[in-house]
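Data first, discussion second: the structure below is written as structure tokens.
None of the figures in this text is laboratory data; all of them are computed from the coordinates on show. Since the model is a prediction, treat every value here as computed from it, not as a measurement. Because the Cβ atoms are built from the backbone with ideal geometry, glycine has one as well, and the counts that use them run over all protein chains shown.
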């Protein structure tokens, strides 16, 4: 299984708060290990850490990362999500075990990201949500195995049900 880090590039706290939170939560739910965000945002960190505390797992978040240095020094495969890339179903099988960095942009992505990427990947070639693209990419990489997995250490668990909501508080261990 790959060890996946999602790099959120160009986060604007006043404009992108909910979308970047959704990028982080989608990364966690679909199998990534961590998210790093280029802009410092303590509120975002707190929100994501609260979800991890309540629902479990060892997902981490860091903000205020020098993305250029992080990208250049990253030791593993770099996958950039862009509508201009190659079709996800053709290239997702090339994502191998080891360290993988998935770059998700918020605003215009500099050309150096396209050049540094080992794979520029498109989920369709139309404008769409980066959250949806991340979910589809991670689902293809993990071939559906990340869905419905257990997250150890949480205080809460959602139980599937046909109607309504079934959330249980787990006893302290």
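Could you state the number of Å between the C-alpha centres of the stretch 109-155 and the stretch 1-43? Comparing the Cα centres of the stretch 1-43 and the stretch 109-155, I get a distance of 11 Å. Taking packing as the residue-averaged number of other Cβ atoms within 10 angstrom, the listed peptides 24-35, 130-141, 72-83 run from highest to lowest as 24-35, 130-141, 72-83.
Modelled spin labels at residue 147 and residue 62, positioned 7 Å past Cα toward Cβ, are 3.3 nm from each other.
If you take the alpha carbon atoms of the stretch 2-169 and fit the smallest convex hull around them, that volume is 126 Å³ per residue.
Ranking request for peptides 100-109, 120-129: highest mean number of other beta-carbon atoms within 10 Å first, then the rest in descending order.
Details: 100-109: 20.0, 120-129: 15.3.
Highest to lowest by the protection proxy: 100-109, 120-129.
Under 8 Å for C-alpha pairs, at least 6 residues apart: give me the relative contact order for the chain, rounded to a whole percent. Relative CO of the chain lands at 28 percent.
Against the longest principal axis of the chain, how steep is helix 130-142, in degrees 0 to 90 to the nearest 10, with axes from Cα atoms? Taking the Cα atoms of the chain, the angle to 130-142 is about 80 degrees.
When a footprinting reagent is the concern and you count Cβ atoms within 10 Å, what order do 150, 162 take, fewest first?
Values: 150 8, 162 5.
Neighbour counts put them in this order, fewest first: 162, 150.
DSSP assigns beta bridges within the chain; of those with both partners inside it, close to 10 percent run antiparallel. Helix 13-29 axis versus longest C-alpha principal axis of the chain: approximately 70°, rounded to the nearest ten.
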